[in-house]
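Everything below concerns the one structure shown next.
The values are calculated or read from the model by the stated rules, or taken from the named source; none is laboratory data. These numbers were taken from a predicted model, which means no experiment stands behind them. In this analysis, Cβ positions are derived from the backbone assuming ideal geometry, glycine residues included, and neighbour counts consider all displayed protein chains. Each accessible area value is taken on the protein alone, full model and side chains, heavy atoms only, with ligands, DNA and RNA left out. Shrake-Rupley method; radii C 1.70, N 1.55, O 1.52, S 1.80 Å.
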Amino acid sequence: MTAYPLLETIDDPADLRALPRERLPELAAELRAFLLESVAKTGGHLSSNLGTVELTIALHTVFDTPHDLLVWDVGHQTYAHKILTGRRAAMARLRMKEGISGFPRRSESPYDTFGVGHSSTSISAALGMAIAARDKGEDRRVVAIIGDGAMSAGQAFEALNNAGVADANLLVILNDNKMSISPPVGAFNKYLARLFSGRTFNAARKAGERVLSVAPPLLELARRAEEHVKGMFVPGTLFEEFGFNYIGPIDGHDLESLIPTLENLRQLKGPQFLHIITKKGQGYKLAEADPVLYHGVSKFDARNGIQSGKGAGRLTFTQVFGDWLCDMAAADDRLVAITPAMCEGSGMTRFAETFPTRFYDVGIAEQHAVTFAAGLACGGMKPVVAIYSTFLQRAYDQLIHDVALQNLDVTFAIDRGGIVGADGATHQGAFDLSYLTCIPNMVVMAPADEAECRRMLTTAYRHPGPAAVRYPRGAGPAVPPAPTFEEIPLGKGELRRQGKSVAILAFGTLLSAALEAGEALDATVANMRFVKPLDAELVLQLADTHDALVTVEENAVIGGAGAEVARVLENAGIARPLLRLGLPDQFIEHGEQGQMLAEAGLSAAAIIDRIRRFVTLIT
């Protein structure tokens, strides 16, 4: 790696606080260069981390971390935080097995005060910490750092509503990198930020309130005058109404503005709100020009940037969905598509461009997305909700209460089902088959390949009720889908290999591994396709003609597809040995997808070994 002489002297924030202030811009330049070089070698989140270099330096300079607590939202932007808190060398194994996480984790460092990965939790968690400190008599400051995207979620506003009346010392920093309501930042804004955050101004305001309290009309007039002055320059009225003292917006890349403002805010009591403006990809022109492309990256050449077309070839399940969505929308003008801020990740870019009036990106608001879809269905439309498995968990009540209970015609295209790899425990789609199958009226499908995925999407769309198709991250076994709208008979699986003694019932893309195991063991293999309604007839047929059954699924084994097979056998009074293979009862950590599957016992070799041991046990 390139030498970083100043950065290499920083092993923890105490070293940072010992630096002369005039050297901090030099440190920021080295830190940004290190981030770019490091992430280019490992992959990870780039644009957001380049955008928060100065903010991270300023926070650790002003606040006495880890005694003072920093609570990051989502965590996409915490690589600089990790580097400055003793994990610089560990960045070489970022998001790899037994390496550091791409997100803050309490078990990883005392500087990681709250584990994150999903958005919009920081204000709630920070408020809890601030109240805990207050009630224990601890003199510490708590800071929540949240992005403008995460601020679109309802939980963030629920927390603001609570924090404004909670009498706790809490600072919320809005890291705004694209809100169009923000005015230009400049010298006058810096002056206002320092003025409004200073103790002199706040003491004067409180004194004025006491004097004018004897004459309520004058007090109200003074408050309106202050808001008018501040409102001329800042969009802070909303946050003031929540009970916060609003400061900003200021340039989040200007340390000479950031540090004095944070120093002032650290001295103030009660709920404070600082609005900063940053730029995603700051300092790397390619990421500045296309922050979406450089949001989450695989390994790439930092000098030449991400090469278009590189890595293209095998069709991913996400692309299968995107193509099907456009084709079905052209055939049915009732189709509308909804995503909670995952347009690119869910493969909806072409649809959004082709059918802009039928595309709804509702922001990071999964609960709203699902109930919005329910309302569209009530109005006679055919909504398709594209969402990651891990994010659908956030709308579980809406899925049950607003969609399934009313048996509404909503199609769920659930991406990232199963092991996702480097993003780790917060993003693994480990639970969807379990949490979907127990809901009445739901149809739940898991395709074995790309062609079957398209057929299942059509089946789900034409089913007059709630239906979900869950598919994994990345490419499948390369079975090209036909450009038609062929359906699959509801609740019907298929035999893919006839063998002896043992029958393997495969759900989803693990069919390929199951077929390999079937060849090695001369076992029967069924592609079950549906978790609900399960093909009970096929299950009973296989139980009647085989000595043992094995279920294979890329989902938590507890409550998953295997549990449904066991229920069918139990209800039929059949006592047949059953081995259920799936994800273990633990959170799956970060690492390469195939490696994680093998460790969970779901590679072809592991399945073969586990079946052999099971057969030995029962004979």
Could you grab the pairs with beta carbons closer than 8 Å, sequence gap of 6+ or different chains, first residue in the range 536-552 and surrounded by 16 or more Cβ atoms within 10 Å (Cβ to Cβ), second one of a type in the set (S, T, N, Q)?
L542/T524; H546/S501; H546/T524; A548/S501
Only one of (1) in a loop (DSSP other than H, G, I, E, B); (2) surrounded by fewer than 20 Cβ atoms within 10 Å (Cβ to Cβ) is not met by A352, so which one is it?
(1)
Can you list residue pairs whose Cβ atoms sit under 6 Å apart, with the first residue in the range 268-284 being crowded, with 23+ Cβ neighbours inside 10 Å and the second being assigned to a loop (DSSP other than H, G, I, E, B) and of a type in the set (V, I, T)? Count only pairs 6 or more apart in sequence or on different chains.
I277/V185
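For the range 580-613, which residues satisfy the criterion of being open to solvent by 30 Å² or more (accessible area, probe 1.4 Å) and closer than 22 Å to V502 by Cα? Can you show your working first?
Taking the range 580-613 and keeping what is open to solvent by 30 Å² or more (accessible area, probe 1.4 Å), we get 580, 584-587, 589, 592-595, 597-599, 603, 605, 609-610, 612-613.
Correct list: R580, A598, S603, A605, D609, R610, R612, R613.
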Out of everything in the range 567-595 that is modelled with pLDDT of 95 or more and of a type in the set (V, I, T), what residue ends up being nearest to the chain's Cα centre (by Cα)?
V568
Leading residue by the ranking (farthest from G418 (Cα to Cα)) among those in the range 429-484 that are open to solvent by 40 Å² or more (accessible area, probe 1.4 Å) and not in a loop (DSSP other than H, G, I, E, B)
R462
Note: among L50, L35, L59, L84, just one is of a type outside the set (G, A, S), open to solvent by less than 10 Å² (accessible area, probe 1.4 Å) and touching an Asp or Glu at 6+ places or on another chain (Cβ under 8 Å), namely L84
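Of these, H67, H76, which one is part of a loop (DSSP other than H, G, I, E, B) and more than 26 Å from the chain's Cα centre (by Cα)? It would help to see each step written out before you state the result.
Details: H76 fails: more than 26 Å from the chain's Cα centre (by Cα).
Among H67, H76, only H67 is part of a loop (DSSP other than H, G, I, E, B) and more than 26 Å from the chain's Cα centre (by Cα).
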What number goes with the only condition from (1) part of a loop (DSSP other than H, G, I, E, B); (2) open to solvent by less than 10 Å² (accessible area, probe 1.4 Å) that I100 does not pass?
(2)
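In the list D409, D415, D423, D397, which residue meets the criterion of being open to solvent by 50 Å² or more (accessible area, probe 1.4 Å) and acidic (D, E)? Step through it out loud before you land on a result.
Values: D409 fails: open to solvent by 50 Å² or more (accessible area, probe 1.4 Å); D415 fails: open to solvent by 50 Å² or more (accessible area, probe 1.4 Å); D423 fails: open to solvent by 50 Å² or more (accessible area, probe 1.4 Å).
Criteria check complete, one pass: D397.
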Among (1) part of a helix (DSSP H, G or I); (2) open to solvent by less than 40 Å² (accessible area, probe 1.4 Å) - the single one E519 does not satisfy:
(2)
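Would you confirm whether any residue within the range 117-135 is of a type in the set (K, R), surrounded by fewer than 23 Cβ atoms within 10 Å (Cβ to Cβ) and assigned to a loop (DSSP other than H, G, I, E, B)? Break it down stepwise before answering.
First, pick out the residues of the range 117-135 that are of a type in the set (K, R): 134.
Of the ones still in play, those that are also surrounded by fewer than 23 Cβ atoms within 10 Å (Cβ to Cβ) are 134.
If we keep only those that are assigned to a loop (DSSP other than H, G, I, E, B) too, we end up with none.
No, because not a single residue in the range 117-135 is of a type in the set (K, R), surrounded by fewer than 23 Cβ atoms within 10 Å (Cβ to Cβ) and assigned to a loop (DSSP other than H, G, I, E, B).
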